[in-house]
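See below for the structure under consideration.
The values are calculated or read from the model by the stated rules, or taken from the named source; none is laboratory data. Predicted model, so just to flag it, every value in this text is computed and none were measured. Methodologically, a virtual Cβ is constructed for each residue, glycine included, from the backbone with ideal geometry; neighbour enumeration extends over all protein chains shown.
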Amino acid sequence: MASYRIPFNKPSLLGNELNYMAEAARLHHISGDGHYTKRCQALLEEALQVPKVLLTPSGTHALELIALLLDVREGDEVIVPSFTFVSTANAFVLRGARPVFADIRPDTLNLDETHLERLITPRTRAIVVVHYAGVGCEMEAILEIAGRRGVAVVEDNAHGLLGAYKGKPLGTFGCLAALSFHETKNITCGEGGALIINDPQYIERAEIIREKGTDRARFFRGEVDKYTWVDVGSSYLLSDLLAAFLYAQLEVREQIQAKRRRIWEYYAEHLREWAEAHGVRLPYVPPHCQQSYHLFYLLMPSPEERQALIAHLKARGILSVFHYQPLHLSEMGRRFGGHPGQCPVTEDVSERLLRLPFYNSMTEEELAAVVSALKEFDGWVRRTS
């Protein structure tokens, strides 16, 4: 991969990451559910005010755990936005479910709740919402529809940790939710995730599935005199070395969020007039949403202008990237009945969206260089009214 003076993402150490990893090694417990795993889980439970959090090796693994907990099986349908990462659908497809692709709102790029009623059938097992860019979906409407139709709501909250909808933390609305701590996320340990359990009925079985289908967690609490195989399961534990890194980042979460807010607001302030002059749309955050400052995107007027701008920035040593390709038009998506025109907003947005460099250690000089390069761009398509 080419070297860029301003990369799209750059993980950084912000606290005691290395010290805590060394401490985990000294404690002689670097596998799952060690000292730092328990500290991370307790911190997240307190911060989000939820009954239970369980760390996982990735956000994808958390979603797979959710599919198992909901007993998703062959013949079930799960509604997912087409504009999302493949894991959102794959976790349920692995259990035999058919993904039903929903289009997104043109403003927040979140699942369009006005489409839900017509997508729900007697086979619908769950609605999976994705809080794109850490801006909350319209959860009141979604929960009302789901409750009336008897369908579970799951939150893929990979982007939204520490964001909120109407004052309530993202990830605390559905019965279950998934977090990601991948290196591209605000708070990271390289690879990692978490399962948020908002409905206590799932806690005991989640512990069993996560521990290879055994009641090992009950054994360690002294509730049984030995543990054995009691259910389906797999290994969904995060190494305590990574949990140690993660705990150091969680400790300074307010500092991280302040840094990211500064970056987001710099882009918004310095690009507003430029965007208006050239028909470029900046991110929209509804007044009732507290975003997580996960990313900053431009919605270019055309696919051609997006590609030209990517090349323009690349020539100046700045890496900008597109985002999700429509799942319903992918090779796998077409196997499930996806076809052109099914999700028109997704199809349009995916061709025009461009993400700008965004990382915790980004300096004002780097931000100024990106903004300056954008304002030098002259690859606009001539339009006639």
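A Cβ distance below 6 Å, combined with a sequence gap of six or more or placement on separate chains, defines the contacts here; from region 66-92, residues that are surrounded by fewer than 24 Cβ atoms within 10 Å (Cβ to Cβ) reach residues that are among the polar types (S, T, N, Q) in the pairs E77/T124; S87/T60. Residues that are in a loop (DSSP other than H, G, I, E, B) and under 21 Å from the mean Cα position of the chain (by Cα): does region 18-37 have at least one? Within region 18-37, not a single residue is in a loop (DSSP other than H, G, I, E, B) and under 21 Å from the mean Cα position of the chain (by Cα). Inspect region 357-372 for any residue being surrounded by 17 or more Cβ atoms within 10 Å (Cβ to Cβ), of a type in the set (D, E, K, R) and within 24 Å of F92 (Cβ to Cβ) and give the result as yes or no. No: region 357-372 contains no residue that is surrounded by 17 or more Cβ atoms within 10 Å (Cβ to Cβ), of a type in the set (D, E, K, R) and within 24 Å of F92 (Cβ to Cβ).
Cβ-Cβ contacts under 7 Å between residues 6 or more apart (or on different chains), taken from a first residue in region 269-281 that is assigned by TED's automatic domain parsing to the domain that holds M300 to a second residue that is surrounded by 14 or more Cβ atoms within 10 Å (Cβ to Cβ) and among the β-branched types (V, I, T), are listed as H270/V371; L271/V371. All conditions in (1) of a type in the set (K, R); (2) crowded, with 19+ Cβ neighbours inside 10 Å; (3) touching a residue at least 60 places away in the same chain (Cβ under 8 Å) hold for K375, with the sole exception of (2).
Across region 211-229, the number of residues qualifying as surrounded by fewer than 16 Cβ atoms within 10 Å (Cβ to Cβ), part of a loop (DSSP other than H, G, I, E, B) and on the phi < 0 side of the Ramachandran plot comes to 6.
Sub-8 Å Cβ pairs linking a first residue in region 128-147 that is farther than 16 Å from K166 by Cα and not assigned by TED's automatic domain parsing to the domain that holds F173 to a second residue that is at pLDDT below 95 and not hydrophobic (A, V, I, L, M, F, W, C), at least 6 apart or interchain, number zero. With respect to V381, is the statement that it is at pLDDT below 95 and among the aliphatic types (A, V, I, L, M) true? Spelling it out, V381 is indeed at pLDDT below 95 and among the aliphatic types (A, V, I, L, M). Whether any residue in region 297-310 is among the aromatic types (F, W, Y), surrounded by fewer than 20 Cβ atoms within 10 Å (Cβ to Cβ) and touching a residue at least 12 places away in the same chain (Cβ under 8 Å) is what I want to check. No, every residue in region 297-310 fails to be among the aromatic types (F, W, Y), surrounded by fewer than 20 Cβ atoms within 10 Å (Cβ to Cβ) and touching a residue at least 12 places away in the same chain (Cβ under 8 Å).
When L246, L327, L319 are screened for being at pLDDT 95 or above and in the same structural domain as A62 (by TED's automatic domain parsing), only L246 passes. Here region 1-49 is the region considered, the condition is being touching a residue at least 24 places away in the same chain (Cβ under 8 Å) and among the acidic types (D, E), and the residue that is farthest from L313 (Cα to Cα) is D33.
For A258, the stated conditions do not hold, so it cannot be described as in a helix (DSSP H, G or I) and surrounded by 20 or more Cβ atoms within 10 Å (Cβ to Cβ). Of the residues examined, E117 is not one that is in the same structural domain as S31 (by TED's automatic domain parsing) and in contact with a Lys or Arg (Cβ under 7 Å, 6 or more places away or on another chain).
Applying the selection to region 152-174, what residues are without any contact (Cβ under 8 Å) to a residue 60 or more places away in the chain and either crowded, with 19+ Cβ neighbours inside 10 Å or not basic (K, R) (or both)? Within region 152-174, V153, E155, N157, F173, G174 qualify.
Only one entry in R118, R125, R98 is basic (K, R) and either touching a Leu at 6+ places or on another chain (Cβ under 9 Å) or buried (at least 20 other Cβ atoms within 10 Å of the Cβ) (or both), namely R125. Candidates L162, L179, L195: the one that is part of a loop (DSSP other than H, G, I, E, B), at pLDDT 95 or above and within 25 Å of L246 (Cα to Cα) is L162.
Residue-wise test of (1) under 21 Å from the mean Cα position of the chain (by Cα); (2) among the hydroxyl-bearing types (S, T, Y).
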site	(1), (2)
L195	yes, no
Y202	no, yes
I209	no, no
K212	no, no
R218	no, no
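Could you identify the single residue in G193, G171, G213 that is more than 27 Å from P357 (Cα to Cα) and in contact with a strand residue (DSSP E or B) (Cβ under 7 Å, 6 or more places away or on another chain)? Being more than 27 Å from P357 (Cα to Cα) and in contact with a strand residue (DSSP E or B) (Cβ under 7 Å, 6 or more places away or on another chain) holds for just one of G193, G171, G213, which is G213. With the structure loaded, tell me whether I208 is closer than 21 Å to V72 by Cα, in contact with a Ser or Thr (Cβ under 8 Å, 6 or more places away or on another chain) and not in a loop (DSSP other than H, G, I, E, B) or whether it fails that test. Taking the combined requirement at face value, the residue satisfies it.
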